[in-house]
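As structure tokens, the structure follows; a few thoughts come after it.
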Amino acid sequence: MSTDDLFTMAEQAGSDARSLAARSEELRRQIAHHDRLYYEKAKPEISDREYDALYRQLVDLERTHPELLAPDSPTQKVGGRPQGTFAQVSHLVPMQSLDNTYSEEEVADFVERLRRLLPGDEIPMTIEPKVDGVAIALLYENGRLTRAATRGDGTTGDEVTRNIRTIGVIPATLRGKAPRILEVRGEVYLPKETFARINAERDELGLPVFANPRNAAAGTLKQLDPNIVAERKLSAVFYGYGAVEPPSALPERMEEFFGQLKAWGLPVNPRHWTARDADGVMKAISELGEIRRGFPFETDGAVIKADLIAQHARLGSTSKAPRWAIAYKYEPEQAKTRLLDITVQVGRSGVLTPVAELEPVFVAGSTVSRATLHNEEEIARKDLRIGDRVLIEKAGDVIPAVVKVLAEERNGSEKVFHMPKHCPVCSAPVTREEGEVAVRCANPGCPAQVRRRIEYFAGRSSMDIAGLGEAVVSQLCDAGLLHDVAGLYELRAEQLLPLERMGEKSVENLLAAIAASKEQPLWRLLAALGIPHVGVTVARTLASSYGTIDRLAAASVEELCGVEEIGEIMANAIHGWFRDHDVITLLGKLRAAGLNFGERDAQSAAPAADGPLKGTIWVLTGTLSIPREEAAEMIRAKGGRVSGSVSAKTTYLLAGEEAGSKLDKAQKLGVKVLNEEEFRKLIEENHRDEGD
Ligand code: IVH
């Protein structure tokens, strides 16, 4: 590449950044304008669909370029945002909060108060985890989910039904007999593991990380695009009731109610306890304290409730919290230690991440010796210096994080840290794009980047090559045997055998696993290649829309934009990636090595030879409560064929929420349209017909 080319590229990047900023500004201005017309003047000039399209463009732009996110963006208004975004709904019964206690004495006081208020009564109690998520109220009418709302100010909240429907564990229809009206309450949460994965990915890409799973869950629920919500894999737990008609549908005890929730198909807390006095309550609290870190959600306490539901009404509530329940808060688990050093890691896309090297210390169940510091701004904001004593904790119980410096313990020998101007691994100069916090090593051939790309390629959600973890990748790179992912397919046994810990058997297994990966389906290869913005979900969509790498590589930006879930920015990035000289070379090598570029997927995507849906052609669109590929599998398993585009030959269109142009087209062509429930019925009926 000539210097001129480099200059043009740099110029291009600069002007791209400016035009993107201008574009997002323009979108915000337009949206605000249409909000005013709609809400204040009640004279909209554009259709809801056009409005949604504008909104989606902005969401898409901000999602891929978080640096463009303005605090006043209509996508960001927390709490009072509703306008033009989420409708406001009144809760049938206000959603209250809980009083907190922090000590054994206060728990005893609570039990004592219950006794005073209900003199002479037995007052059994339940104790359960306090889930640190986002409070949610679901309304089921005659067993069907009709509305979901966040707490908001307790009286009115955001109507987030469409987002809630993407959460797999929340049933659209209750099992068994359901009351006419049932409002259940619970918490939506981001599983700790998912939180850790998302943050690691964001760190690696230089995107801002979420402080804890609760923030991540709250931010996700506020997304206007249900596809993003579906991608994040939220979960939920239910523990309470709101309005219930007829009231006789409620059992006598909370204990039974938890069982009833479960019987309806709603997820509940994994454990609860019962007690009759303060000692019993404390015992349960300490048992919960022992096991709570094993739960998939973060807990910050225990909730103690009067077990007899009839007593709830008798005890009533104060203006903010019920008198029949209280939260006991566990001490946040933090520890003091020393910041021995700050090292710098180079990620797969070249992002440099500073890492705190800590004096090992035990906190929240394990020993911590390292913590990511994300970027230079973060270090400056916390005023961290090498040699400082620091307070650390685990964000979401899993990710070690430096909370703050203990400045009063300084002795003057602490050293200020500066991000290196050159990559610590390959010495190439580092670059920083305007407005971005991330600093990058600009050398795509940097050995650290190469290593990370290979690890990522082999990883569980990519090509899933068993035995090719971090340690082995390092070993192979250090031995000079591996320079890019294509090199994996050239490895020979005689090169591996002389290496340490490489016995005959392990070499055989490793080579077999690498060879087997050539047959992985296209979506795995697409997810493995590290195409910008392409994670597993998008990879699956691209694979099912285009079928082969060649067809995908040939797609124009306009065509890519037509694919659901893909906006302009992603389309441009994908299109550009396939035109990169190094990428073209790499793909050539992988093709020569015999990897499945999609041609061999026809087999797996082929319908079962026989089945009740034989001869039918399906198109899937919109947001479903299950991954689209899963629905496609259900169809194929019954002999149906799944196609990417609607035509006169299409038998059925399965349309989820937010279905767009495909739905229009199907209606024009008179194709039969099924919603998810009708689809399930059809599948189930055919299930029974098969007699299995
Ligand atoms: S019962 C009237 N049970 O914590 C409120 N709440 O800090 C009755 N929470 O507003 C709530 N886990 O959003 C209850 N097992 C649990 C809970 C729980 C989490 C939330 C809930 C509440 C907040 C108070």
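No lab work stands behind these numbers, since they all come straight from the coordinates. The structure presented is a predicted model; accordingly, all values stated were derived computationally and were not measured. Here the Cβ positions follow ideal geometry from the backbone for every residue, glycine too, while neighbour counts run over all protein chains shown.
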Given the options T548, G294, G240, identify the residue whose Cα lies farthest towards the positive end of the charge dipole of the chain (+1 on Cβ of Lys, Arg; -1 on Cβ of Asp, Glu). G240
Determine the relative contact order of the chain: mean sequence separation of Cα pairs under 8 Å and six or more apart, normalised by residue count, in whole percent. 10
How far apart, in nm, are two points set 7 Å out from the Cα along the Cα-to-Cβ line at S103 and at E558? 7.3
In whole Å, what three semi-axes, largest first, describe the equivalent ellipsoid of segment 124-228 built from its Cα gyration tensor (square root of 5 times each eigenvalue)? 28, 16, 13
What is segment 502-621 by shape, rounded, prolate or oblate, if you read a ≥ b ≥ c off the alpha carbon gyration tensor as root eigenvalues and call it rounded for a/c under 1.5, prolate for a/b larger than b/c, and oblate otherwise? oblate
Looking at segment 354-497, I'd like the Rg to Rh ratio, where Rg is from alpha-carbon atoms and Rh is Kirkwood's inverse mean 1/r. 1.05
For A493 and E45, compute 0.36 nm times the residue count separating them, minus their Cα-Cα distance, and round to one decimal in nm. 154.4 nm
Could you tell me which of A608, V363, L587 has its Cα farthest along the dipole of the chain towards the positive end, charges placed at Cβ (Lys, Arg +1; Asp, Glu -1), taken about the Cα centre? A608
Distance in nm between pseudo-label sites at E434 and K681 (7 Å out along the Cβ direction from Cα): 5.8
To the nearest 20 debye, the chain has a Cα-centred charge dipole, built from +1 on Lys and Arg Cβ and -1 on Asp and Glu Cβ, of 960
When Lys and Arg each count +1 and Asp and Glu each count -1, what net charge do the other residues less than 14 Å away from T101, Cβ to Cβ, add up to? -3
Unit charges at the beta carbon, dipole of segment 86-242: most positive-side option, V107, G168, A218: G168
So how far apart, in nm, are the two label points at K177 and A442 if each is 7 Å from Cα heading toward Cβ? 7.3
For segment 57-205, with only Lys/Arg (+1) and Asp/Glu (-1) charged at the beta-carbon, what is the dipole magnitude about the Cα centre, in debye rounded to 20? 920
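How much length is gained on full extension from S369 to D72, taking 0.36 nm per residue of separation minus their Cα-Cα distance? It would help to have the intermediate numbers written out before the result.
On the way: separation 297, 0.36 × 297 = 106.92 nm, distance 3.87 nm.
Extra length from S369 to D72 when fully extended: 103.0 nm.
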Can you give me the long-range amide H partners of V355? Hydrogens built in the peptide plane at 1.01 Å from N, cutoff under 5 Å, separation of 5 or more residues or another chain. T343, V344, Q345, L373
Output ³J(HN,Hα) for segment 59-69: one whole-Hz value per residue in order, computed from phi by the Karplus curve 6.51 cos²θ - 1.76 cosθ + 1.60 with θ = phi - 60°, and x for Gly and Pro. 4, 4, 4, 6, 5, 8, 10, x, 5, 7, 5
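Assuming R0 = 45 Å, what is the FRET efficiency of E409 and V169, from their Cβ-Cβ distance, to the nearest 0.05?
Values: r = 46 Å, r/R0 = 1.02.
Given R0 = 45 Å and the Cβ-Cβ separation, E is 0.45.
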Cα-derived Rg over Rh, computed across the chain with Rh taken as Kirkwood radius: 0.98
Calculate I(q)/I(0) for segment 184-302 by the Debye formula, one identical point scatterer on each C-alpha and no solvent, and give its log10 at q = 0.09, 0.11, 0.13 Å⁻¹ to two decimals. -0.34, -0.50, -0.67
Sorted largest first, the Cα spans of segment 292-393 on the principal axes come out in Å as 60, 28, 26
Cα gyration tensor shape of segment 551-692, rounded if a/c is under 1.5, else prolate or oblate by comparing a/b with b/c: oblate
Run through segment 366-445 and list the trypsin sites (Lys or Arg not before Pro) located in a DSSP loop whose Cβ has at most 12 other Cβ atoms within 10 Å. K421
Partner lysines whose C-alpha sits under 22 Å from that of K505, ignoring same-chain residues fewer than 8 away, are K518
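How much length, in nm to one decimal, is gained on full extension between V416 and D277, taken as 0.36 nm per residue of separation minus their Cα-Cα distance?
Contour length minus Cα-Cα distance gives 44.6 nm.
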For segment 60-204, just say rounded, prolate or oblate: build the C-alpha gyration tensor, square-root its eigenvalues into a ≥ b ≥ c, call rounded for a/c under 1.5, and beyond that prolate if a/b exceeds b/c, oblate if not. prolate
Segment 145-265, dipole about Cα centre (Lys/Arg Cβ +1, Asp/Glu Cβ -1), debye to the nearest 20: 260
How about the chain: what cysteines have no other cysteine beta carbon under 4.7 Å from their own? C477, C561
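Considering only Cα-Cα distances, which of the following residue pairs are longer than 27 Å: K177/K681; K222/K283; K233/K614; K222/K668; K336/K382; K382/K421?
From K177/K681; K222/K283; K233/K614; K222/K668; K336/K382; K382/K421, over 27 Å: K222/K283; K233/K614; K222/K668.
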With T = 4 °C, eta = 1.567 mPa s and Kirkwood Rh from C-alpha pairs, the Stokes-Einstein D of segment 309-363 in µm²/s is about 79
